[in-house]
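Remarks on the structure that follows.
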Amino acid sequence: MSGQHNYSDPYARDQHYGHAQSTPFQDSRSAVGQSPQAPSFLAPNQSSEKILDGDSFGEPVQRAHPGRQGLQSTTKSWAEMGPPPRSTGILRMWRKDERGPQWFRGGGLRSGFRLFFCCLIIALITIVSVVLAIALYVRPPNVTLDSVTLGSNPVSLTSTGLNVTFDLGISVSNPNWFNVDFKEIKATAKYPGYSSIPFGGGILYNANFRGYSDSTFQFPLTLNYTTAADPNRVILNDLISKCGVSGGEKQDITIDYDLDLKLRVVGITVDPRISSSASFLCPISASDIQSIIGSSN
């Protein structure tokens, strides 16, 4: 057929086949290679987002949730876009991209100092933790001073005085699971009321006590009296009175002493001091006192 026939469609509303009909989108059609134009019914710079109640076609439409606006070019990093919401799950990626390698920032010298101080802080925290753990769970051994034991011949005369030897019983209870070592036990004896005058002592090395055990040992003590240390004979006169040389019965003499302990627990040495006194019947005879008096004249 050479011509067009107009056919009226009863179901079409005033539309006829064979005739090109104009549409609202006619202005948006463009030739190949040209960018599409916005539909004619949209105002310039008007958003194609969902129109909210109260908006009109003649006014720009704002988004209900603006989001990230003002980005005119492709973003290069998460830092340019700003922190994303926590619910997205990519907050860690944004922090890593924005902050970068913090550990090696500032060059080799600063990184070296940063590494050194980090190791130093870790070492200090470890040492403090170990010390606190020892102080919290380690209990010191219980040291009890027992009675004094005199030998068969405890008194020996010297050219300037006399010596009295005896043993002091010491009981040690170790409540810990590990061994406790007494590296050194040193005793200093003093005559009551005359602590400035040397009066002998004793020393013991390397006493070991097993964990969860009770032990008793004898600590040797020697009283050393010299007339040079007692020029006014105040101690000698008191011994004459208590030893029955001037008449009367013998009495107990009392000796004050300090025990300096070097206690080693888990490689740590502590130096506690125990002060006590011991009493025993005077072992000095009248002949011993006469010998001292005769040698001093």
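Points worth noting:
- The C-alpha atoms of segment 142-296 occupy a region whose extents along the principal axes are 56, 27, 24 Å, arranged from largest to smallest.
- Sorting F219, F116 by the number of Cβ atoms found within 10 Å of their own Cβ, with the fewest placed first, yields F116, F219.
- Residue exposure proxy: D256, D146, D271, ordered by other Cβ atoms within 10 angstrom of their Cβ from fewest to most, comes out as D271, D146, D256.
- Based on C-alpha pairs under 8 angstrom that are at least 6 apart in sequence, segment 226-297 has a relative contact order of 29 percent.
- For L162, L236, order by how many other beta-carbon atoms lie within 10 Å, fewest first: L236, L162
- Taking 0.36 nm per residue of separation and subtracting the Cα-Cα distance, full extension of the segment from Y137 to L150 would add 0.7 nm.
- Extension reserve of the V270-T254 stretch, reckoned as 0.36 nm per residue once the Cα distance is removed: 2.9 nm
- Here segment 153-200 is treated as an ellipsoid with the same Cα gyration tensor; its semi-axes, largest first and in whole Å, are 32, 15, 10.
Each reported figure results from applying straightforward, stated rules to the coordinates on display, with no laboratory input. None of the values given here were measured: they were computed from a predicted structure. FYI the Cβ positions are ideal-geometry reconstructions off the backbone, even for glycines, and counts take in every protein chain you see.
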